[in-house]
Structure formats: C-alpha cells, structure tokens
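See below for the structure under consideration.
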Amino acid sequence: MKPNTQEIEHLYEVPDFLHTSSAEYETEQEKEQLKHLDNVTLHIAVTGSTGGGKSSFINAIRGLQPDDVNAAPTGVTEMTMTPMVYTHPTMPNVKLWDLPGTGSPKFKVKKYLKQVKLDTFDFFIIISSERFKENDIMLAKAIKERKKLFYFLRSKIDNDIQAESQRKDFDEQKVLSHIREDCHRNLKDNPNVFLISSFELHKYDFQALIDTLEKQVPAHKRDALVLSLPIYSSRILEKKIETFFKQSWSAAVASGCIAVAPVPGLSIACNAGILLGFFTKCYYAFGLDDESIDKLSVRVNNPSLKSVRSSPLVVAIGQKKLSNKELSALTNKESAVKFAWSMVPVVGSKRTAEMSYSGTLNLLRAGLQDLADTAREVLKAAGLSDVY
C-alpha cells in the first residue's frame, strides 16, 4: 500500500520557524535538525538456548547469508561466550547483540543481566527452536521487572512444517496453531510469542513481530527499526518509502537552517550533501545496490533484475557519480529551478531559508519518488510485488 500523500502533505509546508528573523537561528538548532537524521541508535539484544537460531536471526535482519563477510557465525554448538555486537551493514546506528545462551544448568539471572548490561538494550529477543526452557522464562520475568521490552521467537518453523508435511493428514495451519498453543501454555500465555523462519521472513509471524515492535518501541527509534529491515515483501518496502517521505521534511528543514547561516557558499555545499546523503540512504534501504540485487536474483532465480534499474538517478548513485548539477538534472525541471534559486548568494535572510527549504524538499521528494518506483519495479520483476 503506497503512502497516502494527502495524509502527509502538511509535513511539506514551510515550517513556522523559517518565517522568523535570522537572529533566531542558532548553531545548536541546526545541529539538532541534522542529528535527528542519523544519530538515533537502536540496540537489539538476542539471546536464548544453544542452537536456537540466534545467529541466523541476526544475519537475517541484517540481510546477510551465513557465509557473507561480517555475518554472525552459526553452528550447532554455543558460538557466543561473551556479548558480541554486529552493526547493520547499511544502518550503522542499528546494532544487534548476540548474547550468551541461557541453556547452561548454572545459569543465574542476576549474574547474567549484570554481565550483559541490561540497560544497554532497547529490547530483548529470546529465541528457541524447541520448547522454551525455565531459564528463558526466568530471564523474561527479570527483564519485565526492569521495565524492558522482550519478545519470544519460536524459530525454525520451516523445519517443523517440512517434517510434518510427510503426514497424510498434513495441514499447515493446524501445525502452526498447535505450536503456537504449546508456546503459550509453556510461557503462561505470554502474548509476545512469534513463530518465524529466519530464511523465510515473509512467512509466518515475522510481520506481526515488526507490527508489534512499531507500536511498542519508542517513537524516535521506529524509523531506525523500519529502515534496517531487509526487503522481504512489498509491505516493508512501502513502510520504508513512507518513512523516507517523513524524513525528507527533516532534511529540508536542515537545509533551511543552513541557508540562513551567514557563511557564503555553505548552503551550496550542504544542500548538495544533504541530497546525496538522503538519496544514498534510500538506495541501500530499498535494496537497489548490486549486492542486494544479486542476492534477490539468486533467491527468485531471476538473473535479469539488474536491468530493471534503468533510472538515471539509480545508475548515478550506484556508480558514485552524482554531482550537484546532476542532482537537479536527474529529478525534474521545476524542482531544479527552485533548487537553483536556493543557491542565490544571499546569506542570512528569511527568504533564503524559505527558498532553500522549498527547493531542497521538492528535489528530495522527486528523487525519492524515482527511487521508490524503481524499487517497486524490481519487486514486481522478482515476482514479490504481491507478497504483503
């Protein structure tokens, strides 16, 4: 479902503070607008019993295969003896922590929470490929007492389905219902239980997990969560597009703040930097880079997906050949004209700020639309446009 532009149109009106005198623009205000875009850090803790699929889940969220560079090591034995942090490959402000397993008979909750530094994390994922153990339940109770969010993930559901499919009376929905009911009984009806396959994120309860996280994770962390997810369905792509539409407002406001600063030439350099940085983030978040396209091609057995990326803007970003002039030419003429007016060498004026905000926002929206349409075409060519 595409973002409803009418619902978010009010975001693109010139903010009230850009109508005030230039004396009100302080350096700290400019910094805050820029900081909002990239400096929200999300820490996700992943723990559970040995062999439960912690590392596979961490790799899946980061869009990596087990043999990719920087992938978390996977195996049937306990690979994690101390907390290990894995940074998201395209969202460095999103960090996933592979924590020591909870399966040891000597497991002590208080010692464990002290060792892993509970307050570091925004929420906990407790994973098991079988029935959750008493240690998992004890850990969840201790986390809850400290007012932290936690979620149980019953992993490797694809293996369970495959095993049960050999039965003559096989019914996938009945199998899933049975596993879900068993989890709830075992966990005393804890509502935050999700059935997942790290290798098929578009199936089972993964989207329900993301929907729940969006509701419960603090508002200023949601964008980082959404933008860090791999493109496993058209639904998550549309969520990313909507998130970038909202972020374009913040980027344009930053442009207005910089334009009013009394430093000749600063607006030209910073506006180009804002545009390029924003489009590059979209490019990787939408899975338009070569590595993401190659993985998708293998997954859907379609080697021609790269040819779908015919947009000049997409090609220029991929080749890292995007200048200030090309940024204007690759979007639309109206936006380019407004952007040119924002470059008029008049500093420190209210009018300069307004023109910079308006011109930059129009270019951001035009480029974003171009990248979004290309990403939709890639999903369509991959046969995933109906996966929601």
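The values are calculated or read from the model by the stated rules, or taken from the named source; none is laboratory data. Treat the numbers as computed from the prediction; the structure is a model and nothing was measured. Every residue, glycine as well, gets a Cβ built from its backbone with ideal geometry; the counts of neighbours run over all protein chains shown.
Brief remarks follow.
- Members of region 81-99 found to be surrounded by 20 or more Cβ atoms within 10 Å (Cβ to Cβ) and either over 30 Å from LYS240 (Cβ atoms) or over 18 Å from the mean Cα position of the chain (by Cα) (or both), listed by number: ASP98, LEU99
- A search for C-beta distances below 6 Å between a residue of region 218-235 that is closer than 13 Å to ASP386 by Cα and any residue that is surrounded by fewer than 20 Cβ atoms within 10 Å (Cβ to Cβ) and among the hydroxyl-bearing types (Ser, Thr, Tyr), counting only pairs 6+ apart in sequence or on different chains, returns SER233/TYR388; SER234/SER385; SER234/TYR388; ARG235/TYR388.
- Test set (1) surrounded by 13 or more Cβ atoms within 10 Å (Cβ to Cβ); (2) out of contact with any strand residue (DSSP E or B) (no Cβ under 7 Å at 6 or more places or on another chain); (3) closer than 30 Å to THR82 by Cα; (4) at pLDDT 85 or above - LYS147 fails condition number: (1)
- Complete set of residues in region 102-126 that are closer than 20 Å to LYS144 by Cβ and in contact with a helix residue (DSSP H, G or I) (Cβ under 8 Å, 6 or more places away or on another chain): THR102, PHE107, VAL109, LYS110, TYR112, LEU113, LEU118, ASP122, PHE123, PHE124, ILE125, ILE126
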